[in-house]
1. Within the stretch 216-304, considering only helices (runs of 4 or more DSSP H) that don't extend past its boundaries, which have at least 1 residues that are touching a strand residue (DSSP E or B) at 6+ places or on another chain (Cβ under 9 Å), in contact (Cβ under 8 Å) with a residue 12 or more places away in the chain and crowded, with 23+ Cβ neighbours inside 10 Å?
2. What's the total number of residues in the stretch 138-164 that are part of a helix (DSSP H, G or I), aliphatic (A, V, I, L, M) and surrounded by 13 or more Cβ atoms within 10 Å (Cβ to Cβ)?
3. Of the conditions (1) at pLDDT below 90; (2) closer than 22 Å to Leu188 by Cβ, Gly276 clears all except one; give me its number.
4. Please enumerate the residues belonging to the stretch 145-158 that are over 26 Å from the mean Cα position of the chain (by Cα) and touching a residue at least 12 places away in the same chain (Cβ under 8 Å).
5. Which members of the stretch 170-210 meet the condition of being under 23 Å from Leu61 (Cβ atoms) and touching a His at 6+ places or on another chain (Cβ under 9 Å)?
6. Out of all the residues in the stretch 31-67, which are surrounded by fewer than 24 Cβ atoms within 10 Å (Cβ to Cβ) and in contact with a Gly (Cβ under 8 Å, 6 or more places away or on another chain)?
7. Which of (1) farther than 23 Å from Gly120 by Cβ; (2) surrounded by fewer than 18 Cβ atoms within 10 Å (Cβ to Cβ); (3) modelled with pLDDT of 95 or more does Leu188 not meet, given it meets every other one?
8. When you check Ala89 against the structure, is it in contact with a strand residue (DSSP E or B) (Cβ under 8 Å, 6 or more places away or on another chain) and assigned to a helix (DSSP H, G or I), yes or no?
Amino acid sequence: MALAESRARRDAQSVPSEWIRRIHPAAALLLALLIIMPAIANSFILVQIFAWSFILGMIALSLMFLAGYGGMVSLAQMTIAGFAGYMVAIFGVHGEPAASIGWPWWVAVPIALVLAMIFGAIIGALAVRTEGIYTIMITLAIAAAFFYFTNQNYAIFNGHTGISSIPTPHLFGVNWHNAIPFYYLSLLWATLAWGAVTWLSRAPFGLALQGIRDNPRRMAALGFNVNAHRIAAYVVAALIAGVGGILLVWSNGQVAPGTVNVGAAIDILVIAVVGGVGNPIGPFIGAFIYAILKTFALDILVTLALDGNRFRLLIGLGFLAIVFFSPDGVIGLWNRWRNRGTLARVPSGGGGHG
C-alpha cells in the first residue's frame, strides 16, 4: 500500500513536467502568431473575429471538458456563462433601472465566478443522476427555464431588455474595452483555460474522470466517488464558462435573455462538435469557424444575389459539411491527414528480391 501511494504521488508530481514536454511546437508557433496579430489585423478583425472566437471557444471548452473527458454532454454551459455575466452586472455597476449593488469590478467578478461555480454544482448534482440523452434533456430544460426567467423578471434582470451600459474595467491606466487591450485580455484567459484543461486531462483528477467516463462501475469498485468527480467536473467547467461569460458581457457592454437563449446554447454544442471534443484546442477552432461564417455569411449571400435572411442556412450547411466528412470535427480531419502523411513516409516492409 505504501509503495502504491508513493508511486501515485510521484506520478502526480511528474504531470506538470510531462505536460510541458508534450506541448506541440505548432501550439507555440500559433501562440506567437496570435501575440503579434494586432500588428497585422485591424480592430474589427481583432474583436469581432479573434476575441469573439476566444470567448466562445472558452465556453465551448467547458462543454468539451465535460463531454470529452467526462462523457457528459451539457447544454447549460452558455446558461452558466450568461449567469456569470448577469451577476457581474448586478453586483457591479450598470445603467439600467434593475437592481444594482454597485461594487467595484474586482469585487463583483470573484463573486460572479463563485456563484457561477455554485450554479454549475447544482446543475451537475441534477445531471449526474441521469445518463445519455436524459443528461442532454435536463441541461436543455435548465437552459430554457433560465432564459424564460430572465426574460420575465424585471426587478433583477430587467426582463427582455436586459442590462446594458456595463463598463469594462480600467486597470493600470488602460481602457480594456479598446480593441487591442481587449484582444490581449481575451487571448490571455483563453490560453489559461486551454492550459488548465490540458493539464487537468493528465492530472490524477482528469485521469480518474476519464476512467469514470469509460467504466464508472469499475472506478466505483476501486474506491472512487463517481458522482463527486462528475459534480466537480461541472464546477470546473462552470468556472471556465463563467470567465468566458464575463468577457462576453464586457465585450458587448450588455447582457440580455438573448445571450442565454436555447439557440445560443445549441450554438456552443455545435462549436464544440465541429472543432472536436477530443482535444482542448478543438472548441477554439470551431469557434473561429463559427465567427468567420457568422460575420461574413451575410456578405457572401448578398454578393451571390441571394436572400440575406438565409445566412443561418449557410452557417448550418458549413457545419453540416464538416461534421459529415469528419464526425470527430476538424481535429479529426487534421489527425487523419497527419497520419496519412506519416504512413506515406514509412517504407513498406517484407519485400524481398527473390
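The values are calculated or read from the model by the stated rules, or taken from the named source; none is laboratory data. All figures in this text were calculated on a predicted structure; none of them were measured in a lab. Positions of Cβ are backbone-derived with ideal geometry, glycine not excepted, and every protein chain shown enters the neighbour counts.
1. The qualifying helices (runs of 4 or more DSSP H) are 226-252.
2. 6
3. So Gly276 meets the others, but not (2).
4. Scanning the stretch 145-158 gives Tyr154, Ala155, Ile156, Asn158.
5. Trp176, Phe205, Ala208, Leu209
6. If the condition is that a residue be surrounded by fewer than 24 Cβ atoms within 10 Å (Cβ to Cβ) and in contact with a Gly (Cβ under 8 Å, 6 or more places away or on another chain), then no residue fits.
7. (1)
8. In short, yes.
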